[in-house]
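Visitor: Shown below is the structure under consideration.
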Amino acid sequence: MNRKSYLFMSLFWKIFGWFWVAQIMIISATVTYFTMRGPDPTPRHGPPTFWSFFSQQVGILFGIGALVSYALARYLASPTIKLRRATHQLAEGDLTVRVGPQMGRRRDELADMGRDFDLMAERIERLVESERRLVESERRIVEAQQRLLADISHELRSPLARIAYALDLAKGSANEETGSYLKRIERESGRLNDLIGQLLTLARLEATPHQEDALAAAAPVDLSKLVSEVCQDADFEARGRDKKVRLIKNEGGIVKGSADLLRSAVENVIRNAIRHTPQGSTVEVTLQHNAQGATITVRDFGPGAPEDSLTDLFRPFYRVDQSREHKSGGVGLGLSITERAVRFHGGAVHAQNATDGGLIVELTLPISTGREVSSA
């Protein structure tokens, strides 16, 4: 007997027992009364006394009591069991279940409970249906955004590619004065191309609401190798500005995700640190494990940032110093892409000022277990 059947029988027999015991107590009280009274000393002719009648019909009385108790128990227990069965169906996902029609013409509290249940189930069904339509609408919006991004990428980058080709041709016949203008056009065209690329990357990350599905099929990324390669490339670029990038600690770790996004996230933070650290200084990078996962720490020795703007550093197009950022070539998207890329991988980004000067940016990422890596 399963648990539901046991509960039904338990409730039914409890109600049945209550009614039957009540009837037995009434009959027993009557029998006790006549027993204590004793037999009538005066013999009578006519109808039998109660005692003689009870002694002859006791079995019938108990049988009738059992039938009445059974009917009453069935009447009271049936709607409760129906309601419980409907509750289990609702919990299992059947939002169309209703108990009102099964209550018949009952007008008691149990019927009211059934109507309340139907009202609750109807509201839940409407809410779930609304949520389903919302998810479907969100999916269509994401698909439309992806198509729009593809169109924008083509429509904007194709003219830039033709401009770059035309500039190469024009350089061959340009004089010194015209050549300086062409270099300026080439530089601004490159900045515009980079800006478009960053905007597309940021938009793709914002248009991916369910990163768990994307990460489920992602390949493992060797974070130690990735950080080491980024630091080597960044150090090569920094030396041209009389600056350095040094990887102080590299404990390694495997992260499931997109190697390109992770590389872009780390590069943006390191290049931002190179941009603001003074000449002759070194940008320090560490990769180490802790309770939260793998933490990449990038520290520069620049002026840092105002305390009230630390959380704003990762907002798109936010710049602490407009003139300084414009002069350095930044547009305020690098750290925004970093924050979205790290959040896409289930991590978090945190910035704080160092006590002895400079800005510290920490990227925390969850490390994949050995089982996850082997399954991938």
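Conditions (1) closer than 23 Å to F117 by Cβ; (2) modelled with pLDDT of 80 or more; (3) not in a helix (DSSP H, G or I), marked per residue:
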site: F54; (1), (2), (3): no, no, no
site: Y70; (1), (2), (3): no, no, no
site: L83; (1), (2), (3): yes, yes, no
site: T87; (1), (2), (3): yes, yes, no
site: G93; (1), (2), (3): yes, yes, yes
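Visitor: Can you find, within the range 255-282, the residue that is surrounded by the fewest Cβ atoms within 10 Å (Cβ to Cβ) among those that are assigned to a strand (DSSP E or B) and either touching a Gly at 6+ places or on another chain (Cβ under 8 Å) or modelled with pLDDT of 85 or more (or both)?
Guide: Of everything passing the filter in the range 255-282, T282 is surrounded by the fewest Cβ atoms within 10 Å (Cβ to Cβ).
Visitor: Hey, another quick one. Within the range 283-302, can one find any residue that is of a type outside the set (D, E, K, R), in contact with a His (Cβ under 7 Å, 6 or more places away or on another chain) and outside any strand (DSSP E or B)?
Guide: Yes, some residue in the range 283-302 is of a type outside the set (D, E, K, R), in contact with a His (Cβ under 7 Å, 6 or more places away or on another chain) and outside any strand (DSSP E or B).
Visitor: Okay, next question. Considering every residue within the range 204-212, establish whether at least one is aliphatic (A, V, I, L, M), under 23 Å from R147 (Cα atoms) and modelled with pLDDT of 70 or more.
Guide: No; the residues of the range 204-212 include none that is aliphatic (A, V, I, L, M), under 23 Å from R147 (Cα atoms) and modelled with pLDDT of 70 or more.
Visitor: Looking for something assigned to a helix (DSSP H, G or I), surrounded by 11 or more Cβ atoms within 10 Å (Cβ to Cβ) and within 30 Å of the chain's Cα centre (by Cα) - is there at least one such residue anywhere in the range 150-170?
Guide: Yes, that holds for at least one residue.
Visitor: Output the qualifying pairs, or none if there are none: Cβ atoms under 8 angstrom, residues six or more apart or on different chains, first residue in the range 261-287 and on the phi > 0 side of the Ramachandran plot, second residue surrounded by 22 or more Cβ atoms within 10 Å (Cβ to Cβ) and not polar (S, T, N, Q).
Guide: G280/K243
Visitor: Return yes when V373 is modelled with pLDDT under 90 and either within 26 Å of the chain's Cα centre (by Cα) or not hydrophobic (A, V, I, L, M, F, W, C) (or both) and no when it is not.
Guide: yes
Visitor: For the range 260-283, how many residues are among the small types (G, A, S) and under 36 Å from the mean Cα position of the chain (by Cα)?
Guide: Selection size over the range 260-283: 3.
Visitor: Sticking with this structure for a sec: Looking at (1) touching a strand residue (DSSP E or B) at 6+ places or on another chain (Cβ under 8 Å); (2) surrounded by fewer than 20 Cβ atoms within 10 Å (Cβ to Cβ); (3) over 14 Å from A234 (Cβ atoms), which is the only condition A294 fails?
Guide: Condition not satisfied by A294: (2).
Visitor: Do you know which of the residues in the range 351-370 that are touching a residue at least 12 places away in the same chain (Cβ under 8 Å) and over 17 Å from F301 (Cα atoms) is farthest from the chain's Cα centre (by Cα)?
Guide: Taking the candidates together, the pick is L363.
Visitor: Shifting gears a bit: Here is a list: E307, E362. Which entry is at pLDDT 85 or above and either within 26 Å of S258 (Cα to Cα) or not assigned by TED's automatic domain parsing to the domain that holds E267 (or both)?
Guide: Matching residue, one of E307, E362: E362.
Visitor: Filter the range 91-122 down to the residues that are on the phi < 0 side of the Ramachandran plot and within 26 Å of the chain's Cα centre (by Cα) and list them by number.
Guide: Across the range 91-122, the qualifying residues are A91, E92, D94, L95, M120, A121, E122.
Visitor: V285: crowded, with 21+ Cβ neighbours inside 10 Å, in contact with a helix residue (DSSP H, G or I) (Cβ under 8 Å, 6 or more places away or on another chain) and at pLDDT 90 or above, yes or no?
Guide: yes
The values are calculated or read from the model by the stated rules, or taken from the named source; none is laboratory data. For clarity, every value in this text was computed on a predicted model and none was experimentally measured. No Cβ is skipped: glycine too gets one built from the backbone with ideal geometry, and neighbour counts run over all protein chains shown.
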